[in-house]
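So the structure is just underneath, and the comments pick up after that.
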Amino acid sequence: MLESYVTPILMSYVNRYIKNLKPSDLQLSLWGGDVVLSKLELKLDVLEQELKLPFTFLSGHIHELRIHVPWTKLGSEPVVITINTMECILKLKDDAQDDHESCGSSSTNRSTTTESIKSLAKTRRIQQVTSTDPDLPPGYVQSLIRRVVNNVNIVVNNLILKYVEDDIVLSVNITSAECYTVDEFWDRAFMDILAPELVLRKVINFSDCTVCLDKRNASGKIEFYQDPLLYKCSFCTRLHFTYDNLNSKIPSVIKIQALVESLKLSITDQQLPMLIRIIQLGIALYYGEICSYKDAEMEETSSIAKETSIIQMGAESETGIQGQHATQYQHVDAQLQLQQQDGDDGQGWVSWAWSLVPALVSYSEDGEESYEIDENGIKINCPKSAAPKDPVVSVGFYCTKASVTFKLTEMQTESSYYSPQKVKSKEVLCWEQEGTTVEVLMMGELFFDCQMGFVGSKALCLKGIMGVKDFEETTNRSETEACFFSCGESLNSKGLTYLTNSLFDYRSPENNGVRAEFILDAGQHKETYTEIAGVQRFGAFYMDYLYTMECSSGKGSVQQQDVSTNKNEDLGSVQEMSTKRLVVGPMEVRLDSSSVHRILKMVACGLDHEYEPYSKSNSETVDESRILPSQEEVAALEEYIPTRLTCITVLKTTIIITLAEFNLLDNLLPIILGQKNSMSILNAPHFHPLRPLPALRIQVDKVSLEHSVPMYAGQLVPAVSSLNQPSDNLLHHCYAHCYVKIFGFQAGLTSLDSGGSFCPHVPVIPPFSTAFYGKLLRLPSFWVKRPFVPTTECIFELPSLTLQATRAQTLLLQTILQSWTHNTGVSLSIDESLLKDIFRPSGVKSQNPLPTLEGSIQNVELKYCSTSLVKCVSGTMGSIKACAKAPGRSDGAKEKLIPLIQGPSDTRELHKSKWLNESRKPVSLFAPDLITFTIQIPQQMDSYHNSGAVLLASLQGIAVNVDPIFYTWLLQQPQRGNVKQRQQQSAGAIQLAIPTTRKKEDEISVGSTPLAMQQSNQASEYASSPVKTKTATESRLLSVPIKVMQSSEEWSNPEERMKEFIGLVWDAVKRLTLQLEVQSCCVFFPNESLPSPSTIVAGDIPGTVRNWYHTESSMPGTLVVCLPQIKVISAGHKYMEPLQEIPFFISRPILEEGDAFPWTICLSQFSVYTLLGQLKACNLMEPLGCTSTLAITSHKLQTSGPETRHSFVVCLHVDLESLEVKCSNSQAPRFRPCPGVKAPIHGAGEGEEKKKERLVPVSCTWGRSGDRSEAA
């Protein structure tokens, strides 16, 4: 009879998970064709054992269970199992001790389960003896049972799952879920596994899935129900199993993929911290940071599982063919325990998910001969299950359109006093996404890959926030203005590329009768799934996470438990690799007042919680008695060290920072920075859009980031740090490395018009590229005894950087900056003429063109290094140049280039005017860097065991041209025109900020920007900032507001401030080794502009002056000031190159305070002269120099307070060369306040002025010996 074969299978499922069932009653009901069971309690311990989740079941019951068996049509109609109202409540397992107790109780439960299995085996043997049917051949029975099992339909109505933790209640409610078998067209059918396809397809339909996240109080009740996170979402899941042959009990390929057409998530401000908490729980579970079981408990679980397996095998041998199929699905439980015992080591969700794969079908296969032990202890021969081959598992999730809406909630009370409060929510922010894909491919523990991506996304501002009605219905603002983030493309233009090779793609191999092929080799995977391929498929975002593991000693799977142990000899046993690659496609971000306040409000809400972290960082304890690694282990580490590599690439990014139309950041930033917000009442302004709206536009072509970290630093660092001389390769892998490269960074100004579009941007920073490298030592406490091993090292490189702007552009940039940093509040004003000067339409010429200043720096390299003893910085700057571009006044006139700053410049001979008559070589490409410096500072300045600070610096010569065009640029003011003004008055009678017309004696808030004041009949509300004020008896905190008055002696006494400043300077220089070299800086003050001729190198200031001096008859008068060359060196210090490889040593370290003195200061080549044109130069001050010696001694003074004071004795000796000053009437006009303004000589006409050139000069000379003063 078929009943004798099918009934035990169904009974095994039901009896395994449900309590207090009588097999005899269940058997009689099944033979009738239908069984109905009500109010069933689930075996929670069995569920925990099989699922191996880090959760504990608090309760679990089934309201009604129906089983329908069509005995007369068992080969053509499916068995239907219906569950009505199933509810389970879970919580996270407690700490390690509670886990131990739960494992102990689980051990008892397993023993009980073993006894029940033994008794069930006896019942089956009795059933087999009493109901044998010789007419049914074993092959037919096996085929029929396989068909029945493959076509079982499972229907679950009203599935409720709840998870509780602290004050969090997460509930999932599914109205209906149905699983059934389908054909090749994914239509419902009664199918079997047939050759040559050897494929089984199933579909699971989920209807009306609702996810709620609420907060409960201390008594466990939910006072106010929040809006559901997900409301009535339906989706379809397709399952595709591929077998190697008809006798295979486990598929070789398992493909499970789900498709959601529309996914709408809703998050309130109260749900956001709870949702972040749940996400953190998932991350902690993935990395195995919580709920890790002990080794002893694992061994106990393993022994119990093996015992259960042996008992089941014995029962199986006695029941023969019938018992073999009857206990087939019970045997899965024991096999599942055997498969999971080695993976339950804190490895995370991946191992847990993989351990469930064998539960889909049985592992037992006919293979090698072995023996089993029946319950009487007799050995019998039976087929032994061969080692199963790991199947390929592919899991996918696809979503056509998804949206996440962020809401702000507020409490509302009905009109009646006793009416309950209600929660009202308002949508303020929305994230929309199209074409989402999540695909996971794994094979055992040797290969794991996860790919994610989406086609396009955008973020929108919805209703008003913080009382500002910027996007209400009355504002009539377009969707273009509401969208502040966009990335990728739309599905209309991209197509269904996100479904490529999925079960929902009609072009996939599975839907065309072809067996799918998977790439399981790491090298081939990287060549196939490149960043370019990911961007082509998705467009907006693509991520590929790849993890592979190979055994270095041979083939086969290796448990990660062997790697994560604390033993050093396991470091080289396997070769693991983890790579994450992320690509972000072209995107545009607009940071205006509306978007910034919404984003910061969401961040502030996310930080508003008091949850304890799931995992705390373990304290670094150094085991001094740790065993040194052997030579074989060191050689294995040299050969391969597992690392985690993360690569992030961002393409074509545009960031637009607009002028702040309103600024309420004072209410959000304190919360984000961890401070308490003192504002109890929010004073919000009325909002009126400002158009045109100026903005700063930043564009980046590409940003590349690479981050690598050792996979098992906890075992690698102790092993390497114990070696006497570790190799560079081992030291390199003990660091976390970060590389950042930025290509094509540029910035400019733009403006948003009333139509929501931006005008062409005006460049301010032309494109440039830069790079940054940094490394951080892992577990630095193991390297304390090696003080010269760097703990932190950073390198910054900037090949070139150029800035160019008119005066109007700098004023607009300043206005944009102040709108974000200052809470102006009352009004914002933008001069229309200022905008017209900057954003001039193409083809329209200005009547009064403005000059443009342009500055650039070249070849900047900075390096920072930190050890346990010192901090070091070294760097170079190749050159600096600045010039002014003066547009032509008339049509067709060429633009004039006027150099302003040049460095390095050869200023060695510029202190004498004879350089004008000598040949001058152009600046060589191999000229030394303009600035070269090295600074080394001790970590603890007060420690007497350090050698003090070291400063080595060198500055090459610089030429400066203070041209009149610079004054024109600096004094430029926009023309007076119409002012775009927007009044921002508060709702009601509350002002947003204190008006600027207030007097100084009005009360303001100390330590914060002025905030709003309430109505006159209420107390003032200010943001408080505690200010410490000392009195004669105590120090206490004073609350604000207070009047800004110089009532404190420390604030008002300049002598005290000077003493404090001197103390800080003394602490910095008392043990400072100083070496400073500054070449001469030559400054030119021409009366008129000196454009650079086209015959010389652009930007060469001395060359321009020399060219005008010789070739131009109308050279303007120029005053030349050559600043002195400076050399400073501390006592006993020998010259060193300014650029040193850090950290470094000095030949004579300074150990005591004041040993660096005296300093030797040398000044030379200081001179002043004038160029009058027509090859005429007159000296005003002859070259001058001096040599000085500075000595400082200090003595501590006894004071009554805890502060220490010093008395200083300063001795300065100056050896001055002779000073000679000459002046004539022709040189006097060169000393005007502004070189751009001409002043005629009174009492003389044009002809008379030429005659005055023969005036007799006046000179004065002072000297050390034989001082004299003469005049003629």
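The values are calculated or read from the model by the stated rules, or taken from the named source; none is laboratory data. Just so we're clear, the structure is a prediction, and the values are computed from it rather than from any experiment. Reconstructed Cβ throughout: ideal geometry from the backbone, glycine too, with neighbour counts over all protein chains shown. Protein only, heavy atoms only, side chains kept; ligands, DNA and RNA dropped before computing areas. Shrake-Rupley method; radii C 1.70, N 1.55, O 1.52, S 1.80 Å.
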Query raised in the report: Taking the Cα centre of segment 1051-1130 as the origin, how large is its charge dipole in debye, to the nearest 20, when only Lys and Arg (+1) and Asp and Glu (-1) carry charge on their Cβ atoms?
Result: 280 debye
Requested in this report: Starting from the Cα gyration tensor of segment 3-93, take the square roots of the eigenvalues, sort them a ≥ b ≥ c, and report rounded, prolate or oblate (rounded when a/c is under 1.5, otherwise prolate if a/b is larger than b/c, else oblate).
Outcome: prolate
Requested in this report: Report the accessible area of Met711, computed with a 1.4 Å probe over the heavy atoms of all protein chains in place, in Å² rounded to the nearest 10.
Outcome: 20 Å²
Report summary line: Judged on accessible area alone, 1.4 Å probe, highest first, Phe185, Phe406 line up as Phe185, Phe406
Query - Surface accessible to a 1.4 Å probe, Leu1163 within the full protein complex, Å² - result: 50 Å²
Report summary line: Farthest towards the positive end of the dipole of segment 487-542, among Tyr529, Thr497, Tyr542 and with Cβ unit charges of +1 on Lys and Arg and -1 on Asp and Glu, lies the Cα of Thr497
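Mind ordering 454-466, 777-789, 233-245 by average Cβ neighbours within 10 Å, highest first?
Details: 454-466: 21.2, 777-789: 15.8, 233-245: 18.0.
Those peptides, ordered most packed to least, come out 454-466, 233-245, 777-789.
Quick check on packing: order 430-437, 762-769 by the mean number of other C-beta atoms within 10 Å, highest mean leading.
On the way: 430-437: 21.2, 762-769: 17.1.
Highest-to-lowest ranking by the protection proxy: 430-437, 762-769.
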Report task. Arrange the peptides 507-519, 45-57 so that the one whose residues have, on average, the most other Cβ atoms within 10 Å appears first. Result -> 45-57, 507-519
Query raised in the report: Rank Met1181, Met549 by accessible area, highest first, at a 1.4 Å probe radius?
Result: Met1181, Met549
Query raised in the report: Residue farthest toward the positive end of the dipole of segment 573-627, with Cβ of Lys/Arg at +1 and Asp/Glu at -1: which of Leu600, Val574, Thr621?
Result: Leu600
Query raised in the report: So how much accessible area does Thr1189 have, in Å² to the nearest 10, using a 1.4 Å probe?
Result: 50 Å²
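Starting from the residue with the highest accessible area, list Cys551, Cys1082 in decreasing order, probe 1.4 Å. Before the final figure, lay out each step's value.
Numbers: Cys551 40, Cys1082 0 Å².
Sorted descending by solvent-accessible area, the residues read Cys551, Cys1082.
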